[in-house]
Amino acid sequence: MSSVIQVQGLTKKFGQQFTAVNDLSFSVNKGDVYGFLGQNGAGKSTTIRMLLSLIEPTAGDIEIFGLPLSANRSAIMQKVGAVIEKPAMYEYLTAYQNLKIFSALSGVSKKRQQLLHELEVVGLATRAHDLVRTFSQGMKQRLAIAMAMVNDPELILLDEPTNGLDPQGIADIRNLILSLSRNQGKTVLVSSHLLSEIEQVATRLIIIDKGCKLVEGDSKELFDTSKTVVSIQTLDNKQASELLLQSNWAAQLLLNRTSDKEIFIQLDEKHLPSLHKNLVEMGVGVLSVKPMHSLEDYFLQITSTQKYV
Amino acid sequence: MFSLVQVELYKIFKRPRTYIAFGAVAALIGIIQFGLKLDGKSYLDFMLNDLSSSLEIDGKILNGYLVCYVMLQLLLVHVPLLIALIAADMISGEANMGTLRLLLIKPYSRTTLLLAKFIAAIIYTLMLLVWLAILALFGSMLLFGTDDMFLLKTSYVVLLKESDVFWRYIGAFGFAALAMTTVASLGFFLSVFAENSIGPIVATMSVIVFFTILSTLNIPIFNIIKPYLFTTHMIGWKEFFDIKVNDSNEAIIGSIQNPDKIIKAALVLFVHTIGFFVATVLVFRKKDILS
């Protein structure tokens, strides 16, 4: 499968002290929905800005569509669309006027009806001629996506596209990403600090922390539910640990992470009801049995077994 | 490039702020014309007080040409602020709105984008001066009529024949356009460093005020730098209204007393304009866009 983005040893230092991105390498294949995960301040936005040549890397190479970015910026940007952090647009203009401007700037001459149709696709048909300053955050986000798509790009970079959206808005963006990938064959790189968002759409993903790559791979493998880490809290964790050690669950107990406060066990998610039932049968006072799905949990899970790469 | 300039002009003229400058110019000119129309005689009496005993003047002194000259003297000092309102906002305003990053991911180089923005800022500047010319010159010619132009300078008087005036205004407005373009390029340059509009606008005016003070100070130590300050040459348009005299002390129609002074002033302003733009490009090409 051909690489759409190829990044090697990417580094960005701000001043002498702060390294925002440190020797980062990854690749995005054609047709991927590539999840770019990391906590706030992990270096996601800096990396995306370097991919868009908004920030100059201190070191490293970026190739997009097989071409070095620094020498082929204009040719590459003709095939790229992006929404970067919070949606930005001319608030003193209408949605239609904004779209018209960015259509012209992309070198695409679109007729009025085409532009109105694109606003209809993102659900803004009835507000096409209203000033953007009257729009909600969700409407601005949808307009930003329409603006990013106006040149029919092959590669779409979405930096935290669901920030500030309500649950319906988040679902809409998720469906849009899936539709872009599955129905239109676009390559999408989407960043987020929420694992739950990425795991629903990403085919491949990278997790970064403090500017370094933590893990990269196929999301099916990384989110393998047969190896889910479960956190257990009981009335007496010490006693519960001892009972589990004497049971059939002993091999799955993560002793290196288990403490008096919390017990960790790795299992296939489909065995969760059995675990719960066994604990009760053993007379353990169960307070909670929680599969770890948050990014923070996931970080704990992989940092306990992997080093930074 | 043409479509980029078009987009920039579209954005400029869709902003209500743009029309503040045009409104302010119209209001100021209207007030001056109204005042002179109503009480021009008192103004002339006051102006010619010292000369009335030694000089007999016939004809219509308070005519459109004189009124326009009076207005240019007053307004061309303040127009830089109106220019800075737009020029100093060209990049910083986009950074403030967050739209700069959207522009910079389009398939144009940063230099091309800057050039388009710069051309748009210059077009706005020229349009403001054309508006000023229409109201101050043509408006005054309509309201006050035309005649010979009598100018009272610091130590002498200038009398220009009616037929010898209009071309001088074309030259004066052309020169003013160059001076205001320099102001626009300064505002444009300062705009690169900020992510809000107020900073560069205030900084542009501060630089102009600071250099104007240096230009007018009569302290010998500053005389070395004065010829190189653009503010020294911003009032160069007045040179178009100084006429040469022959050996019989008669005015030579169609002449300018110091054409070299105008050329030198224009050159200094032009070099500053280019210098500011090149500096803008050099800074902006390497700038990380974090807004």
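Please indicate, with yes or no, whether at least one residue in region A:149-156 is touching a residue at least 12 places away in the same chain (Cβ under 8 Å), in contact with a Phe, Trp or Tyr (Cβ under 9 Å, 6 or more places away or on another chain), among the polar types (S, T, N, Q) and assigned to a helix (DSSP H, G or I).
no
Among the residues in region A:167-179, are any assigned to a loop (DSSP other than H, G, I, E, B) and either modelled with pLDDT of 85 or more or acidic (Asp, Glu) (or both)?
Among the residues of region A:167-179, not one is assigned to a loop (DSSP other than H, G, I, E, B) and either modelled with pLDDT of 85 or more or acidic (Asp, Glu) (or both), which makes the answer no.
From the list A:270, A:261, A:277, which one is over 34 Å from the mean Cα position of the chain (by Cα) and basic (Lys, Arg)?
Only one candidate passes the filter, namely A:277.
Report, by residue number, each residue of region A:64-85 that is of a type outside the set (A, V, I, L, M, F, W, C), within 7 Å of chain B (Cβ to nearest Cβ) and either under 22 Å from residue A:45 (Cβ atoms) or without any contact (Cβ under 8 Å) to a residue 40 or more places away in the chain (or both).
Within region A:64-85, just A:74 meets the criteria.
Here's the yes/no breakdown for (1) over 26 Å from residue B:96 (Cβ atoms); (2) within 23 Å of the chain's Cα centre (by Cα); (3) in a helix (DSSP H, G or I):
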| position | (1), (2), (3) |
| --- | --- |
| B:238 | yes, yes, yes |
| B:257 | yes, yes, no |
| B:262 | yes, yes, yes |
| B:289 | no, no, no |
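Name, by its number, the condition in (1) farther than 20 Å from residue A:159 by Cβ; (2) within 11 Å of chain B (Cβ to nearest Cβ) that does not hold for residue A:88.
(1)
Kindly establish whether residue A:40 is in contact (Cβ under 8 Å) with a residue 24 or more places away in the chain, touching a His at 6+ places or on another chain (Cβ under 6 Å) and more than 9 Å from every other protein chain (Cβ to nearest Cβ). Can you show your working first?
Details: in contact (Cβ under 8 Å) with a residue 24 or more places away in the chain: yes; touching a His at 6+ places or on another chain (Cβ under 6 Å): yes; more than 9 Å from every other protein chain (Cβ to nearest Cβ): yes.
Judged against the criteria, residue A:40 is a match.
Mind listing whichever residues of region A:27-84 are in a helix (DSSP H, G or I) and within 23 Å of residue A:217 (Cβ to Cβ)?
Quick first cut of region A:27-84, residues in a helix (DSSP H, G or I) only: A:44-51, A:73-77.
A:44, A:45, A:46, A:47, A:48, A:50, A:51, listed by residue number.
Quick check on region B:106-145: of everything there that is small (Gly, Ala, Ser) and in a loop (DSSP other than H, G, I, E, B), which residue is farthest from residue B:70 (Cα to Cα)?
For region B:106-145, the residue satisfying everything is B:109.
Go through region A:98-119 and report how many residues are touching a strand residue (DSSP E or B) at 6+ places or on another chain (Cβ under 9 Å) and closer than 16 Å to residue A:133 by Cβ.
0
From A:115, A:155, which residue is in contact with a Gly (Cβ under 8 Å, 6 or more places away or on another chain) and either of a type in the set (Ser, Thr, Tyr) or over 18 Å from residue A:87 (Cα atoms) (or both)?
That would be A:155, the only listed residue that is in contact with a Gly (Cβ under 8 Å, 6 or more places away or on another chain) and either of a type in the set (Ser, Thr, Tyr) or over 18 Å from residue A:87 (Cα atoms) (or both).
Return the residue satisfying two criteria in turn: it lies in region A:170-210 and is polar (S, T, N, Q) and free of Cβ contacts under 8 Å to residues at least 60 places away in the same chain, and of such residues it is surrounded by the fewest Cβ atoms within 10 Å (Cβ to Cβ). Working first, answer last.
Applying the first criterion (polar (S, T, N, Q)) to region A:170-210 yields A:175, A:179, A:181, A:183-184, A:187, A:191-192, A:196, A:200, A:203.
Now restrict to residues that are free of Cβ contacts under 8 Å to residues at least 60 places away in the same chain: A:175, A:179, A:183-184, A:200.
On the way: A:175: 11, A:179: 12, A:183: 8, A:184: 12, A:200: 16.
Out of the qualifying residues, it is A:183.
Tally the residues that are charged (D, E, K, R) and outside any helix (DSSP H, G or I), restricting the search to region B:146-178.
Counting residues in region B:146-178 that are charged (D, E, K, R) and outside any helix (DSSP H, G or I) gives 4.
Per-residue answers, yes or no, for (1) within 12 Å of chain B (Cβ to nearest Cβ); (2) at pLDDT 90 or above; (3) out of contact with any His (no Cβ under 9 Å at 6 or more places or on another chain); (4) crowded, with 21+ Cβ neighbours inside 10 Å:
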| position | (1), (2), (3), (4) |
| --- | --- |
| A:30 | no, no, yes, no |
| A:34 | no, yes, yes, yes |
| A:52 | yes, yes, yes, yes |
| A:59 | no, yes, yes, no |
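Within region A:15-25, is there a residue that is within 11 Å of chain B (Cβ to nearest Cβ), within 23 Å of residue B:98 (Cα to Cα) and of a type in the set (A, V, I, L, M)? Spell out how you get there, then give the answer.
Within region A:15-25, the subset within 11 Å of chain B (Cβ to nearest Cβ) is A:20.
Remaining after also requiring within 23 Å of residue B:98 (Cα to Cα): A:20.
Cutting the leftovers down to of a type in the set (A, V, I, L, M) gives us A:20.
The answer is yes, given that some residue of region A:15-25 is within 11 Å of chain B (Cβ to nearest Cβ), within 23 Å of residue B:98 (Cα to Cα) and of a type in the set (A, V, I, L, M).
Restricting attention to region A:292-309, does a residue exist that is in contact with a Cys (Cβ under 6 Å, 6 or more places away or on another chain) and either under 30 Å from residue A:34 (Cα atoms) or modelled with pLDDT of 80 or more (or both)? Break it down stepwise before answering.
Narrowing region A:292-309 to residues in contact with a Cys (Cβ under 6 Å, 6 or more places away or on another chain): A:308.
If we keep only those that are either under 30 Å from residue A:34 (Cα atoms) or modelled with pLDDT of 80 or more (or both) as well, we get A:308.
Within region A:292-309 (the criterion being in contact with a Cys (Cβ under 6 Å, 6 or more places away or on another chain) and either under 30 Å from residue A:34 (Cα atoms) or modelled with pLDDT of 80 or more (or both)), the answer is yes, since at least one residue qualifies.
Out of the residues in region B:1-22 that are free of Cβ contacts under 8 Å to residues at least 12 places away in the same chain and among the hydroxyl-bearing types (Ser, Thr, Tyr), state the one that is farthest from the other protein chains (Cβ to nearest Cβ).
B:19
If I filter region B:89-124 down to residues being of a type outside the set (Ser, Thr, Tyr) and free of Cβ contacts under 8 Å to residues at least 12 places away in the same chain, which single residue comes out as farthest from the other protein chains (Cβ to nearest Cβ)?
The extreme case among them is B:94.
Quick check on residue A:100: is it within 16 Å of the chain's Cα centre (by Cα) and either away from every other protein chain (no Cβ under 11 Å) or modelled with pLDDT of 90 or more (or both)?
Details: within 16 Å of the chain's Cα centre (by Cα): no; either away from every other protein chain (no Cβ under 11 Å) or modelled with pLDDT of 90 or more (or both): yes.
No.
What's the total number of residues in region B:91-141 that are under 15 Å from the mean Cα position of the chain (by Cα) and of a type in the set (Lys, Arg)?
Selection size over region B:91-141: 0.
From (1) closer than 23 Å to residue A:91 by Cα; (2) touching a Phe, Trp or Tyr at 6+ places or on another chain (Cβ under 8 Å); (3) without any contact (Cβ under 8 Å) to a residue 60 or more places away in the chain, pick out the condition that doesn't hold for residue A:146.
Result: residue A:146 fails condition (2) only.
Could you go through region A:110-122 and let me know if any residue there is β-branched (Val, Ile, Thr) and either under 20 Å from residue A:204 (Cβ atoms) or modelled with pLDDT of 90 or more (or both).
So in region A:110-122, the residues β-branched (Val, Ile, Thr) come out as A:121-122.
Then keep just the ones that are either under 20 Å from residue A:204 (Cβ atoms) or modelled with pLDDT of 90 or more (or both); that gives none.
The answer is no; no qualifying residue exists.
Select from region B:243-291 the residues that are of a type in the set (D, E, K, R) and either touching a Phe, Trp or Tyr at 6+ places or on another chain (Cβ under 9 Å) or closer than 30 Å to residue B:99 by Cβ (or both) and write down the one among them that is surrounded by the most Cβ atoms within 10 Å (Cβ to Cβ).
In this case the residue turns out to be B:287.
The values are calculated or read from the model by the stated rules, or taken from the named source; none is laboratory data. None of these values were measured; they are calculated from a predicted model. Every residue, glycine as well, gets a Cβ built from its backbone with ideal geometry; the counts of neighbours run over all protein chains shown.
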